Amino acid sequence: MTKWWEVPLTVDAAHPIIREAAASIRAGETVAFPTETVYGLGADAGNDEAVAQIYTAKGRPSDNPLIVHIGDRSELDCLIVESNSLADRLMDAFWPGPLTMVMPAVPGVVSHLATAGLPTVAVRMPDHPVALALLRAAGCPIVAPSANRSGRPSPTSARHVRDDLYGRIGGILDGGQCQVGIESTVVEVVGDEIHVLRPGGISVEQLRDALPDVAVRAAAETGEAEVSAAIAEAGESPTLHDGSPRSPGMKYMHYAPRGRFAIVHGSSESEVADWVLRRLLEERRSGERTGVLTFQEHMPRYPADQIDLVVDCGSASNPRSVAFRLYDALRQFDDAGVTVIYTDCYYGHDHLEGEAIMNRLRKAANHHIIQI
Ligand code: TXA
Ligand code: MG
């Protein structure tokens, strides 16, 4: 049985529901909880059996390490070997918040299952009252991947968690909808540079604004995007030039709706919309259930009587609104049994704020981009 707790956003660590959920974590159970990015599936970071349950519940490959969540900066001391001034400046600027730091780990503190054998550990302090209350009440670091079945879109509401994991986990804390909507940005300090390993809730632009004197390398520059694209094709391990894995999760197919899904890009909006409409009419005639994922501004281009499901993914001029809706939008196609989906949502490589969205869309589409 999976417990279901509804919690107000005003909770603190002394709230009876939080204490009950924290006791479950301490007892070695898994509990899903809201963060500002997506829902996480939490377990006591030092408990091998509890961590193993996360991998089983999600169906997650065991070589993909987990992020350790903390409720207080002081917890870092026992997790990492040492910090440095650049890492400290990043944490000062963005914690609590959607930034995950990969740092050298103190061996033996976090379960080896959670670090997947790497000498580093990924740590973040989430900016959500329920997550912080749970972390403080549990009094231990909590590992938490996104609380979805592996490969599915990450959950941005408790209902998404229930749809994927009910009956497979100890409990779900329902704290409403996640405000950021996509996962944290994963970074590593390498010498005097900051390398983005996974684009996410903090954009490269925000990192550069906060640390104007520091070189920030975007995921594409550090080779991660190319590496993950090549891997999706070849099914190989992600290695960079020195042969070491950077952010192992980047190699897996992710966030995918069940239907066939492709990104369509072209020089003009009307050209793309005409192409998509024509193709979907053909698909519909051959018995498919058809769908379009589009920006709010393009909605009028897709008549609702000609396509089975048209989903508004927020305004193109406001990438935050797109991130907020993206995963729920992808799940809507599954809920409606859509079998073929096209999206015209597209931000170019120079669009720093759109980088994380395109990263997720490309993976959801298994890198299938149709250039017309
Ligand atoms: O926003 C988030 O980060 C959410 C919420 C729940 O906090 N969590 C999340 O976890 O997205 P997950 O497990 O879905 O993604 C963790 C990512 C993976 O890409 C993984 O490879 C990377 O972090 N990662 C974890 N430990 C790492 C390490 N030591 N070195 C490099 N990458 C690491
Ligand atoms: Mg995930």
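Please build a GNM for the chain, connecting alpha carbons under 10 Å apart, and tell me which residue among A105, A256, A93 fluctuates the most.
In this elastic network of the chain, the residue with the biggest mean-square fluctuation among A105, A256, A93 is A93.
If you bin the C-alpha pair distances of the range 242-372 every 5 Å from 0, what whole percents do you get?
With 5 Å bins starting at 0, P(r) equals 2, 11, 21, 24, 22, 11, 5, 3, 1, 1, 0.
With every protein chain left in place, what is the accessible area of M299 in Å² (1.4 Å probe, nearest 10)?
Near enough 60 Å² of accessible area.
What size of dipole, in debye to the nearest 20, comes out for the chain about its Cα centre when the only charges are +1 on Lys and Arg C-beta atoms and -1 on Asp and Glu C-beta atoms?
1100
Between V190 and R26, what is 0.36 nm times their sequence separation minus the Cα-Cα distance? Round to one decimal in nm.
Extra length from V190 to R26 when fully extended: 55.6 nm.
In whole percent, and with a 1.4 Å probe on the protein chains, what portion of the accessible area of the chain is carbon and sulfur?
Carbon and sulfur atoms account for 49 percent of the accessible area of the chain.
Please report, in whole Å, how far the alpha carbons of the range 1-117 spread along each principal axis, starting with the longest.
Taking max minus min along each principal axis of the Cα atoms, the range 1-117 gives 44, 34, 22 Å.
For a protection proxy built on the mean count of beta-carbon atoms within 10 angstrom, sort 161-167, 80-86, 359-365 highest first, please.
Output ranking for 161-167, 80-86, 359-365: 359-365, 161-167, 80-86.
Find the accessible area per residue for the range 294-372; the probe is 1.4 Å, ligands and nucleic acids are left out, and the unit is Å².
Heavy-atom SASA per residue in the range 294-372 reads 40 Å².
When ranked by the protection proxy of mean other Cβ atoms within 10 Å per residue, highest first, what sequence do the peptides 143-153, 198-208 form?
Packing proxy ranking, top to bottom: 143-153, 198-208.
Would you rank I370, I307 by solvent-accessible area, highest first, keeping every protein chain in place and using a 1.4 Å probe?
Highest to lowest solvent-accessible surface, that is I370, I307.
I'd like the FRET efficiency for Q296 and R89, computed as 1/(1 + (r/R0)^6) with the beta carbon distance as r and R0 of 41 Å, rounded to 0.05.
Efficiency for this residue pair is about 0.65.
Kindly report, to the nearest 10 Å², the accessible surface of E193 as traced by a 1.4 Å probe over protein heavy atoms only.
Here the residue's solvent-accessible area equals roughly 40 Å².
May I ask for the Rg/Rh ratio of the chain, computed from Cα atoms with Rh as the Kirkwood radius, given to two decimals?
0.97
Once both labels are modelled 7 Å past Cα along the beta-carbon direction, what's the Y166-D213 spacing in nm?
In this crude spin-label approximation the distance works out to 5.5 nm.
Using the alpha-carbon centroid of each, what span in Å lies between the range 157-227 and the range 68-115?
A separation of 15 Å, based on Cα centres.
On full extension of the chain, what length is gained from E82 through R149, given 0.36 nm per residue of separation minus the C-alpha to C-alpha distance?
Here the answer is 20.7 nm.
If you take the square roots of the eigenvalues of the alpha-carbon gyration tensor of the range 82-196 and sort them as a ≥ b ≥ c, do you get rounded (a/c under 1.5), prolate (a/b over b/c) or oblate?
Because a/c hits 1.5 or more and a/b exceeds b/c, the range 82-196 counts as prolate.
Compute the Rg/Rh shape ratio of the range 90-138: radius of gyration over Kirkwood radius, all on alpha-carbon atoms.
On the Cα set of the range 90-138, Rg over Rh gives 1.02.
Considering only DSSP beta bridges whose two residues both sit in the chain, what percent are antiparallel, to the nearest 5?
Counting only bridges with both partners in the chain, antiparallel ones make up about 35 percent.
Once the cut-off is 13 Å, how many percent of the Cα-Cα pairs in the range 303-372 end up in the long-distance tail?
More than 13 Å apart: 67 percent of the Cα pairs in the range 303-372.
Any chance you could look up the accessible area of L132 with a 1.4 Å probe, heavy atoms only, rounded to 10 Å²?
So the heavy atoms of L132 present about 20 Å² to solvent.
Just by accessible area at a 1.4 angstrom probe, what is the order of R73, R278 from largest to smallest?
Result of the area sort, largest leading: R278, R73.
The values are calculated or read from the model by the stated rules, or taken from the named source; none is laboratory data. Keep in mind that what you see is a predicted model, and the values were worked out from it rather than measured. Reconstructed Cβ throughout: ideal geometry from the backbone, glycine too, with neighbour counts over all protein chains shown. Note: accessible area is taken over every heavy atom of the protein model, side chains too, but ligands, DNA and RNA are not part of it. Shrake-Rupley method; radii C 1.70, N 1.55, O 1.52, S 1.80 Å.
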